[in-house]
Amino acid sequence: MPEPTSPSGPPIPLNLHHLPVVAGLAVPWITPRLPDGRHLFGLLEQGRQHSCLTQRLCQVCGRPLDRVFVLLARASDLRRRRTAEPPVHPSCAAYTMRVCPMVAGRMAHYRAQPHDLAGLAAVFPDAPARLGAPAEPWFTVWLRSYTVITDPATGALSASYRPTDPLRIRAVRSEAIPTSARQDQAP
């Protein structure tokens, strides 16, 4: 059966068909929604972020993770071997890399103005430093396990893969790979 199509975006995979759609894109399960119905793309709803990390749920579809999953991580996350971004299924990572302008590398800078969060989303201590800053390259970190920690640098609940070796790490966009992050490991 073919994937459902949308008028203004790439096909939405069948495993994401249960999610709301905005401007032709499936809205990730973890995305906060304001009382007026608008979704705050690029932010993490704090309760769902906690659920995803502690209950091993995919942040995109909200369903339990499989045996192998992916962390989408910024270059700075790679150096620390942890991220506040919960894991995703490989198929959900593939969709995200196609449609998310930040992960796909189509945005040169982070947003310049903060969202009015109305208390719905997690605000991480490093968020003000990213306002208007150049965007970092993103990577896929393929794993079988992670540890939930409170990041000592940010105070945010995070997925740490420090105690385990990733199956592989791949750049989402290859033209901006920092030398220190070139870790392409085979499973």
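Values in this text are rule-based calculations from the coordinates and carry no lab data. Just so we're clear, the structure is a prediction, and the values are computed from it rather than from any experiment. When we count neighbours, we look across all protein chains shown, and the Cβ atoms used for this are built from the backbone with ideal geometry, even at glycine.
Side notes on the structure shown:
- Arranged from fewest to most other beta-carbon atoms within 10 Å of their beta carbon, M102, M107 become M107, M102.
- Rounded to the nearest whole Hz, the Karplus-based 3J(HN,Hα) values (6.51 cos²θ - 1.76 cosθ + 1.60, θ = phi - 60°) of region 69-76 follow the sequence 9, 10, 9, 8, 10, 6, 4, 5, with x at glycine and proline.
- For region 46-60 versus region 18-32, the gap between their alpha-carbon centres in whole angstrom: 16
- Dipole in debye (nearest 20) - region 1-93, about Cα centre, beta carbon charges: Lys, Arg +1; Asp, Glu -1: 440
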